[in-house]
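The values are calculated or read from the model by the stated rules, or taken from the named source; none is laboratory data. Everything quoted here is computed from the prediction, not taken from an experiment. Neighbour counts run over all protein chains shown; Cβ positions are idealised from the backbone, glycine included. These area figures cover heavy atoms from the full protein model, side chains too; ligands, DNA and RNA do not enter into them. Shrake-Rupley method; radii C 1.70, N 1.55, O 1.52, S 1.80 Å.
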Amino acid sequence: MIATRITPLRSESDWQDCRERLQAFEKLCAPDCFMSWAYQHAVWKLVAPEKTCWLMEVGAHGEPLATALWAEATTTRWLTNFRILRSLDYNVMQMAPMMLRAGREREACHALVDALPKLANASQTNLVRLYKINAESAQPLIEALKTHDVPHQVRPFNRSHRILLTDDLNEYFAQKSKKSVRNIRRLGKNLEKDLGGELNLQRHRGAFCERPDFETDLQKFEDLRCRSWQLSQSGGNGHVHGKDVMAFYREACEDWKQKGWLDLIVMQAGETPVAGQLNVIIDQTQWVVLTAYDQKLARYSPGRVMFYRQLFDSFVMGDRLVDFGGENEDWKQYWSNDTQDTLQISWAMRGLKSAVWSLAQKLLRSGDGKMPLPIVNRNSIKGNETG
């Protein structure tokens, strides 16, 4: 017997009321640093505190199977506004479409799709649209949508740059030009000479995040972010790189720290911080969440020097995959030797607008089965989209 609980989350107290049971369910799911109560809650507080989120929990025979957390939004297509539910995907690299019980993902997705009409009636929404979805974890959901004959659309969203490593790190560096590697080493030596101190990595990883100097180095990293190119591009006081975002990451870091996933690196020349990196480490995979370097030292490429040095360290610690996420930046392309597409998944819910959208999928579908790409504000969950 399928049991479904649907709860609107409109306030901080609503989120706190579901915290304990969602965090208990997380322990039954495959680890995902973004698809968790803590990260989703932090996203909601940062970018959509005025929005209602909908929590759908599905179980069978007294056992929880799936949990979905989606935010209300609007999207415009064909001069028509659609009410949608969308993923809380701010600064997500890639994630599962929802929390799914490990080993029972197919069963969980079928149960969740079967319960969608209840969510549609409660939320009065026309569509669901999920962004930055991991392709492998999406397959059970896509299969369930097809089986239940739910009109849907699946298309690539962006492309993550990655490093795949074997057990011989020299094989990886053999793919890079010798000149470029020499340049990185030379820049490191120049940093040491001009700043008057030997380069060293201050690293807090897993249990080492409990060291007394962790907070000091985290503050150094935050200070580097304030002096980085990201902040300079936002005009010095932009929302995306302000103190509110660092507070958001502090909340996420606390969750990752408790789970033993956090990896903080600060590279110093002597006692002077020059670059930093914030990672999440899960099952030999390094997720590069944030990077920073002192913009005044840009001519030394301190970020590239730091990454080169930390990669050797990470390899010894067992990392065999590095994921940079989807932004198409030159430095990511330099280091990566592999890419992986993330997905955007949309499907119909209820109402006349939903029926019109479903019909459009059939009419606009080209011979190869792919929809023409709509215009989408891909990074915004605050306010309206077009797509």
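Tabulated values for the structure
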{"quantity": "K259 accessible area, assembled protein chains, probe 1.4 Å, Å²", "calculated": "70 Å²"}
{"quantity": "Per residue value of the accessible surface for region 50-163 (all protein chains in place, 1.4 Å probe), Å²", "calculated": "35 Å²"}
{"quantity": "Prolate/oblate/rounded call for region 12-153, Cα gyration tensor, a/c under 1.5 rounded", "calculated": "rounded"}
{"quantity": "Set of lysines with alpha-carbon distance to K332 below 16 Å, sequence-local pairs under 8 removed", "calculated": "K176"}
{"quantity": "Anchor K146: lysines whose Cα lies under 25 Å away (excluding residues fewer than 8 positions away in-chain)", "calculated": "K118, K132, K353, K362, K370"}
{"quantity": "Alpha-carbon spread of region 242-373, three principal axes, descending order, Å", "calculated": "65, 33, 31"}
{"quantity": "Label-point separation in nm, E20 to Y334, each point 7 Å along Cα→Cβ", "calculated": "5.1 nm"}
{"quantity": "Top of N170, N183, N134 by mean-square fluctuation, Gaussian network on the chain, Cα under 10 Å", "calculated": "N170"}
{"quantity": "Rounded accessible area of S13 (nearest 10 Å², 1.4 Å probe)", "calculated": "70 Å²"}
{"quantity": "Solvent-accessible ranking of I265, I281, largest area first, probe 1.4 Å", "calculated": "I281, I265"}
{"quantity": "For the chain, share of DSSP beta bridges that run antiparallel, in % to the nearest 5", "calculated": "90 percent"}
{"quantity": "Label-to-label distance, nm, for residues given as K146 and R250 (7 Å Cα→Cβ offset)", "calculated": "4.8 nm"}
{"quantity": "For region 118-160 versus region 306-341, the gap between their alpha-carbon centres in whole angstrom", "calculated": "29 Å"}
{"quantity": "Pair Q295, K176: separation of 7 Å Cα→Cβ label points (nm)", "calculated": "2.6 nm"}
{"quantity": "Lysines whose Cα lies under 18 Å from that of K257, excluding same-chain neighbours fewer than 8 positions away", "calculated": "K27, K220"}
{"quantity": "Accessible surface ranking that places the most exposed of C226, C33 first, with a 1.4 angstrom probe", "calculated": "C226, C33"}
{"quantity": "Whole-Å distance, taken between Cα centres, linking region 342-356 and region 35-70", "calculated": "20 Å"}
{"quantity": "Accessible-area composition of the chain, carbon plus sulfur, in percent [1.4 Å probe]", "calculated": "51 percent"}
